[in-house]
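I have placed the structure first, in the form of structure tokens, so that the comments after it can refer back to it.
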Amino acid sequence: MAGAQISTSVTIISSLLGFQAISLTSPAASSLSLIAAGSKVEIAGAFFNFPSNETPNASSWTAVGTSTTGYLTVIPTGAAGSQTVSASWIGSAPTWSDSKQGFYASAASLSRCVAAAFKKSNTSQIQKQVMPRYPTVLNGELLPIFYWRGAIGEWNMDTTVTKTVPFSTNSGGDDSILSIEAWVRIDTSETWFPLTRCTYSFAGTSMSGTLSYTGGGGGSISLQRVAGGRFTGSSWDGTAGTLANRGWVNVIYTVGQTRPT
């Protein structure tokens, strides 16, 4: 069942420009999400309600590249006043429209982008998020901001110098990355330490690690334990049997636009 247009006066609809109250089903699971019943959204001057869960077009999700970000759009069709709206996935980043006050497939499009998800397979998606109501302003430029958190996984830092964590912004360039941070934990407790681009001191002992990003929007984050630092020895040699996840990588990045220089 498609979402249906709600008849409203011109005065009311003008005040709802850019309105979005979209929720996703199964937001924390890897199963494919639907637009949840009760969601509401304004699209290019028309207001829509979803009385039941809306299933996005299945073939549109299949068309999104694996290990890239897909963007969920809602598209109105029909005569003004009695339009319906359906959902579909696209593989390219949306554009912010000042005139329509929302993210759209393109500046001239009527397809509003309301959510995003990272594609693991045709039946699996992670890192789901509803598109922000407003882009963030950075140095006078509008930027849609996204947050990504990935597990480092098993890493015996005593014997293995480098660990690679796959990551893709689907943005097409390194200049979409605003910040990257990585935190690792010691084997024996929930004590956390940052990996940075510099050497620093903790409890009188030098700690040294680095991180870097490669791949032009579709590569990986490389973590490295620097020789001579604190991240060596029996407190850092845990493997999958004793420590399945060494820590986390956190990334803040943009889509559709690039970082101001």
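The values are calculated or read from the model by the stated rules, or taken from the named source; none is laboratory data. Here the structure is a predicted model, which means the values were calculated and not measured. Neighbour counts are summed over all protein chains in view; Cβ atoms, including those assigned to glycine, are modelled from backbone coordinates with ideal geometry.
In the stretch 56-69, is there at least one residue being under 21 Å from residue 21 (Cβ atoms), over 15 Å from the mean Cα position of the chain (by Cα) and touching a residue at least 12 places away in the same chain (Cβ under 8 Å)?
Within the stretch 56-69, one or more residues are under 21 Å from residue 21 (Cβ atoms), over 15 Å from the mean Cα position of the chain (by Cα) and touching a residue at least 12 places away in the same chain (Cβ under 8 Å).
Take the conditions at pLDDT 85 or above and either surrounded by 12 or more Cβ atoms within 10 Å (Cβ to Cβ) or part of a strand (DSSP E or B) (or both) and apply them to residue 175. Does it pass?
The answer is no for residue 175.
I need the strands (runs of 3 or more DSSP E) fully contained in the stretch 56-125, keeping only those with at least 2 residues that are farther than 18 Å from residue 253 by Cβ and either in contact with a helix residue (DSSP H, G or I) (Cβ under 6 Å, 6 or more places away or on another chain) or modelled with pLDDT of 90 or more (or both).
69-77, 84-90, 112-121
Would you check which residues across the stretch 68-110 are buried (at least 21 other Cβ atoms within 10 Å of the Cβ) and among the polar types (S, T, N, Q) and list them?
Result: 69, 73.
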